[in-house]
Amino acid sequence: MKKILIISGSPKTDGNTDIAVKWLTDAISKSRAHIEIIKTSKLNYKSLGCISCRACQSRQEYGCVIKDDVQDVLKKTIDADTIIFATPLYFFGCSAQTKLIFDKWFSLYKWDNTTNTMKTPLQGKTLAVIATAYEDIGLDALEKPFKLTAEYSNMKFLSLLIKNAGVSGQIKKLEDAEEKIASFAFNLLSF
């Protein structure tokens, strides 16, 4: 059974991203996949993102050494087959809540500078992004760090960028949005 982890970076309940995640989980739930949703706005953080202490690089196990809710998210990321970041577009990037988790992915890599090698438990997994935007600009900038990370990590990558979703909740009025998300879910399950 495929394990799918959705990291929902919307701070709003019933906003466009939250609705998109609901439609996505409805579509995925028709399969035998196991779905877990983590709402980043509900997590307890000890630090605001990666603090570049590099302590994660001096230990055998993968994950951040800072003891907060992100440690569990990173463990679940390692265990998942597919990781989906769902986020609204904020100033040409993902939400701050999403970025806090994404930056701590640093701890899921081990670099050996003497041999110029890198290891990560993310290799071979699927990384996906579903993003909503008020209008039709900026989504390519939001997508790029995720896509580059997937390429660097030898992960499969898929994205659904929903432009012109309007203000909070108006995605429901966007023609074909729910159908596009259902199609995206089907593609994810086919990877």
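Rule-based calculations on the coordinates, nothing more; no lab input. Given the structure is predicted, the values throughout are model-derived calculations rather than measurements. Neighbour counts are summed over all protein chains in view; Cβ atoms, including those assigned to glycine, are modelled from backbone coordinates with ideal geometry.
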Worksheet item: Among Thr126, Trp105, Gly93, whose Cα lies farthest out toward the positive end of the dipole of segment 91-191, if unit charges sit on the beta carbon of Lys, Arg (+1) and Asp, Glu (-1)?
Response: Trp105
Practice prompt. Measure nothing but the geometry: give the 0 to 90° angle between the long axis through the Cα atoms of 139-152 and the longest principal axis through the Cα atoms of the chain, rounded to 10°.
Written response: 40 degrees
Item to complete: Could you size up the charge dipole of the chain around its Cα centre, putting +1 on the beta carbon of Lys and Arg and -1 on that of Asp and Glu, and report it in debye to the nearest 20?
Response: 560 debye
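Per-residue ellipticity at 222 nm for the chain, helices alone: DSSP H runs ≥ 4 residues times -39500 (n - 2.57), over residue total, nearest 500 deg cm²/dmol?
On the way: 5 runs with 60 residues, N = 191.
After summing the helix terms and dividing by the residues of the chain, the value is -10000 deg cm²/dmol.
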Worksheet item: If only Cα atoms are counted, what is the Rg of segment 1-109, and what is its Dmax, in Å?
Response: 14.3, 43
Worksheet item: If R0 is 45 Å, what FRET efficiency do you get for Asn116 and Ser190 from their C-beta distance, rounded to 0.05?
Response: 0.80
Practice prompt. Find how many whole Å separate the alpha carbon centroid of segment 8-60 from the alpha carbon centroid of segment 116-187.
Written response: 13 Å
Worksheet entry | Over 26 Å between alpha carbons, listed pairs Lys125/Lys172; Lys76/Lys163; Lys12/Lys99; Lys22/Lys163; Lys12/Lys119 | Lys125/Lys172; Lys76/Lys163; Lys12/Lys119
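Looking at segment 130-169, which GluC sites (Glu not before Pro) are DSSP coil and have at most 16 other C-beta atoms within 10 Å of their C-beta? Spell out each step's value before the answer.
Details: sites: Glu135, Glu143, Glu151; in loops: Glu135.
Loop-located and lightly packed - Glu135.
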Practice prompt. Putting +1 on Lys and Arg Cβ atoms and -1 on Asp and Glu Cβ atoms, find which of Ile4, Gln60, Ser31 reaches farthest to the positive end of the dipole of the chain.
Written response: Gln60
Fill in: Length added when fully stretched, Arg32-Lys156, from 0.36 nm per residue minus Cα-Cα
42.6 nm
Worksheet item: How high is the FRET efficiency between Lys22 and Ser47 when r is their beta carbon distance and R₀ equals 35 Å, given to the nearest 0.05?
Response: 0.70
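Among Met155, Met118, Met1, which comes first, then next, by fewest other beta-carbon atoms within 10 Å? Could you put the intermediate results ahead of the total?
On the way: Met155 20, Met118 14, Met1 8.
Going from least to most buried by this count: Met1, Met118, Met155.
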Item to complete: Take segment 3-190, drop everything but the C-alpha atoms, weight them equally and run the Debye formula without solvent; then report log10 I(q)/I(0) at 0.09, 0.17 Å⁻¹ to two decimals.
Response: -0.31, -1.10
